[in-house]
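The values are calculated or read from the model by the stated rules, or taken from the named source; none is laboratory data. Since the model is a prediction, treat every value here as computed from it, not as a measurement. Heads up, the Cβs are rebuilt from the backbone with ideal geometry, glycines too, and the neighbour counts pull from every protein chain shown. To get the accessible areas, we keep the full protein, side chains included, count just its heavy atoms, and leave off ligands, DNA and RNA. Shrake-Rupley method; radii C 1.70, N 1.55, O 1.52, S 1.80 Å.
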Amino acid sequence: NIVGGHTIKSEEPIFGLAVVGTVHPGRVLSNAGAKPGDALILTKPLGLGIISTAAKNDQDSRGAIGEAIRVMTTLNRAAAEVLTRFEVHALTDVTGFGLLGHLRNVTAASGVEAEVRASAVPVLDAAREYVTAGIAPGGTRANAKFLADWVEFAPGVPPGQQLLLCDAQTSGGLLAAVPEASADEVARALAEAGTLASAVVGRVTGKGSGRIRVV
């Protein structure tokens, strides 16, 4: 069963890949089951696209690419194993569409709306510095443009932080919607398992058309 893939824009074919495997029908976690009142938990920090772009452009003044590679090469296996022990209503990876792009897919598929607390979202320190200097990949800017119709930012969220939440990740973390009552327990279990982040970054606010508010 092909469950994932990768796309590159190029004049010539370069490569293609897919993840092939099997999953028990009773253990499928989709992006379509988020419920009002759910908490949103993220398992890796953001900023990988911005740091990678800085490195490619010889602008990685903090030498952060090493940390970014460590994040990208850390599997989501530990996080997935923890989440299978709890009630999880919806689950997505955070990759090319960024945190807000993948959350938008969850909210749209689930028929709900959500709120994200920007200050609660884990971000690699160098990415904050670089995005303020105007460094960001084209994919991140494209995400922000697309999401303008879906996301409302509160006045206190600066432009750089808005772009970070749209940053296109390579091998990012998982974003899970879990019942609010178990959110702290899930976050503790993720931390104990050694995941790179275990942050409650927002909540599902109610039924709706998929819109997201960032505060």
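Couple of notes before you dig in:
- The stretch 24-160: relative contact order as a whole-number percent, Cα under 8 Å and 6+ apart: 41
- Kirkwood-based shape ratio for the stretch 107-215, expressed as Rg/Rh from alpha carbons: 0.96
- Only lysines eight or more places from Lys9 in sequence, or on another chain, were considered; those with a Cα closer than 27 Å are Lys44, Lys56, Lys145.
- Residue with peak Gaussian network fluctuation, the chain [Cα springs, cutoff 10 Å], from Thr22, Thr195, Thr43: Thr22
- Debye, to nearest 20: dipole size of the chain, +1 on Lys, Arg Cβ, -1 on Asp, Glu Cβ: 220
- Cβ-based net charge around Asp149, under 13 Å, with every Lys or Arg adding one and every Asp or Glu removing one: +2
- Farthest toward positive dipole pole in the chain [+1 Lys/Arg, -1 Asp/Glu at C-beta], among Gly98, Ser209, Val71: Ser209
- Compared with the direct C-alpha span, the chain from Ala142 to Ala78 gains 19.9 nm at full extension, assuming 0.36 nm per residue.
- Accessible surface of the stretch 75-160 [probe 1.4 Å, protein heavy atoms]: carbon and sulfur percent: 53
- Stretch in the chain that is longest and holds no GluC sites (Glu not before Pro) that DSSP places in a loop and that have at most 11 other beta carbons within 10 Å: 88-215
- Estimated 222 nm signal from helices in the chain, with DSSP H stretches of n ≥ 4 weighted -39500 (n - 2.57), rounded to 500: -9500 deg cm²/dmol
- Shape of the stretch 19-63, Cα gyration tensor, a/c cut at 1.5: oblate
- In this view, the solvent-accessible surface of Thr170, computed with a 1.4 Å probe and all protein chains in place, comes to about 80 Å².
- Here the chain carries DSSP beta bridges of which approximately 75% are antiparallel, counting only pairs with both residues inside.
- Accessible area per residue for the stretch 13-129, computed on protein heavy atoms with a 1.4 Å probe, is 49 Å².
- Rounded if a/c under 1.5, otherwise prolate or oblate - the stretch 54-114, Cα gyration tensor axes: oblate
- Net length gained if the chain between Ile69 and Ala120 were fully extended (0.36 nm per residue, minus Cα distance): 16.1 nm
- Linear extension gain, Arg128 paired with Val23, 0.36 nm per residue minus alpha-carbon span: 34.0 nm
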